[in-house]
Ligand SMILES: [Fe+2]
């Protein structure tokens, strides 16, 4: 197993691995250790299908079940693998520029961390590419561990005391309000998380931030949002970004506790198909370290409904 840096602050490509043959007591512990240290892993030239993809993700933890999370029910052991594609239902072309499916993908072009609005956030996203467009469509990733390290002490102190409020609605509203017609957008109540998430293995702190933030506990929402925007801007300066140019067979795995990402535009009349599996954070991954000491989101902190937004 050889590694090559992807960026001078984070991320490695791992060579000499066939992801079809990784086992929990074989190569996985080495991969997990590299994940804890580098926050982003790339494997190239993999023979992926949904089964290989699922088995790989399950090594990191339980598969995220967003339906169960929204309903407050027990997650299923295996969930259909989420596809991120602009393919139409007939499978013979792409959806129109105005379709909600495409707009929901375009909403991922804001800097974010996946699943911060779920009851239990995600540990990883493992993504593989099947069809890539002729240009664009890169996934850009930054290290929020590096961003933490570069913060002035006064902002570190402020962040340590901050609990941010997260919802999926702001990025969807900013993209196109019609996305509020999708139940998979409106079914979550949102969550409150500490702004700093220490890694339980090595103690390295990272900012836990995303475009999903609409406010912070105990201050005006506009003030909380402005603080989040400042942190996001600092974390996403051009020199901080690793931009991944997808090729079919690439697999990227990032640490949701220590990165943010976004998708770049592509010619939307071209097909782009990736699949993405998030796994759920468990106690040993540091769930209690990001949970607010003064309790989860409160009724008065929940992001308002669409009627409120439109006034
Ligand atoms: Fe994402």
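Exactly one residue out of 34, 41 is in a helix (DSSP H, G or I) and surrounded by 15 or more Cβ atoms within 10 Å (Cβ to Cβ), and it is 34. Residues in segment 128-141 that are buried (at least 20 other Cβ atoms within 10 Å of the Cβ) and either modelled with pLDDT under 95 or within 13 Å of the ligand (Cβ to nearest atom) (or both): 139, 141.
Being in contact (Cβ under 8 Å) with a residue 40 or more places away in the chain, part of a helix (DSSP H, G or I) and within 15 Å of the ligand (Cβ to nearest atom) is the requirement here; does residue 277 meet it?
Numbers: in contact (Cβ under 8 Å) with a residue 40 or more places away in the chain: yes; part of a helix (DSSP H, G or I): no; within 15 Å of the ligand (Cβ to nearest atom): yes.
So residue 277 fails the test.
What do you reckon, is residue 157 closer than 28 Å to residue 195 by Cβ, at pLDDT 95 or above and out of contact with any strand residue (DSSP E or B) (no Cβ under 7 Å at 6 or more places or on another chain)?
Criteria met by residue 157.
Among the residues of segment 177-184, is any under 18 Å from the mean Cα position of the chain (by Cα) and surrounded by fewer than 16 Cβ atoms within 10 Å (Cβ to Cβ)? Show your work before the answer.
The first filter runs over segment 177-184 and keeps only residues under 18 Å from the mean Cα position of the chain (by Cα), leaving 184.
Subset that is surrounded by fewer than 16 Cβ atoms within 10 Å (Cβ to Cβ): 184.
Scanning segment 177-184, I find at least one residue that is under 18 Å from the mean Cα position of the chain (by Cα) and surrounded by fewer than 16 Cβ atoms within 10 Å (Cβ to Cβ), so the answer is yes.
Based on what the data block shows, is residue 47 at pLDDT 95 or above, assigned to a helix (DSSP H, G or I) and out of contact with any strand residue (DSSP E or B) (no Cβ under 7 Å at 6 or more places or on another chain)? Talk me through it step by step, then tell me what you get.
Working: at pLDDT 95 or above: yes; assigned to a helix (DSSP H, G or I): no; out of contact with any strand residue (DSSP E or B) (no Cβ under 7 Å at 6 or more places or on another chain): yes.
Here the answer is no, as residue 47 does not meet what is asked.
Close contacts from segment 109-131, counting a first residue that is more than 20 Å from residue 275 (Cβ to Cβ) and a second that is more than 12 Å from the ligand (Cβ to nearest atom) and part of a strand (DSSP E or B), with Cβ to Cβ under 6 Å and a gap of 6+ residues or different chains, come to 116/166; 117/166; 117/191; 120/280. Within segment 272-290, being crowded, with 19+ Cβ neighbours inside 10 Å and more than 15 Å from the chain's Cα centre (by Cα) holds for 272, 285, 290. Of all residues in segment 237-246 being away from the ligand (no atom under 14 Å from the Cβ) and assigned to a strand (DSSP E or B), which is surrounded by the fewest Cβ atoms within 10 Å (Cβ to Cβ)? So, considering only residues that are away from the ligand (no atom under 14 Å from the Cβ) and assigned to a strand (DSSP E or B), the one surrounded by the fewest Cβ atoms within 10 Å (Cβ to Cβ) is 243. Within segment 111-127, which residues are over 11 Å from the mean Cα position of the chain (by Cα) and within 14 Å of the ligand (Cβ to nearest atom)? 118, the sole residue that qualifies. Checked against the criterion of being at pLDDT 95 or above and either on the phi > 0 side of the Ramachandran plot or within 16 Å of the ligand (Cβ to nearest atom) (or both), the candidates 33, 107, 57 yield just one match: 57. Filtering segment 199-210 to residues that are farther than 14 Å from residue 115 by Cβ and part of a loop (DSSP other than H, G, I, E, B) leaves 199, 200, 201, 202, 203, 204.
Taking residue 101, is it over 18 Å from the mean Cα position of the chain (by Cα), within 16 Å of the ligand (Cβ to nearest atom) and free of Cβ contacts under 8 Å to residues at least 24 places away in the same chain? When the stated conditions are applied, residue 101 passes them. Within segment 60-74, can you find the residues that are assigned to a loop (DSSP other than H, G, I, E, B) and surrounded by 15 or more Cβ atoms within 10 Å (Cβ to Cβ)? Selection gives 60, 61, 62, 64, 65. Restricting segment 252-273 to residues that are out of contact with any helix residue (DSSP H, G or I) (no Cβ under 9 Å at 6 or more places or on another chain) and in a loop (DSSP other than H, G, I, E, B), the residue that is farthest from the ligand (Cβ to nearest atom) is 269.
Looking across 234, 217, one residue alone is surrounded by 12 or more Cβ atoms within 10 Å (Cβ to Cβ) and either within 16 Å of the ligand (Cβ to nearest atom) or within 26 Å of residue 109 (Cβ to Cβ) (or both). It is 234. You will find that of 295, 249, the residue that is more than 15 Å from the ligand (Cβ to nearest atom), farther than 24 Å from residue 63 by Cβ and either modelled with pLDDT of 95 or more or in a loop (DSSP other than H, G, I, E, B) (or both) is 295 and no other.
The values are calculated or read from the model by the stated rules, or taken from the named source; none is laboratory data. As the structure is a computational prediction, the values presented were derived from the model and not from experiment. So basically every Cβ, Gly included, is an ideal-geometry build from the backbone, and we count neighbours across all protein chains shown.
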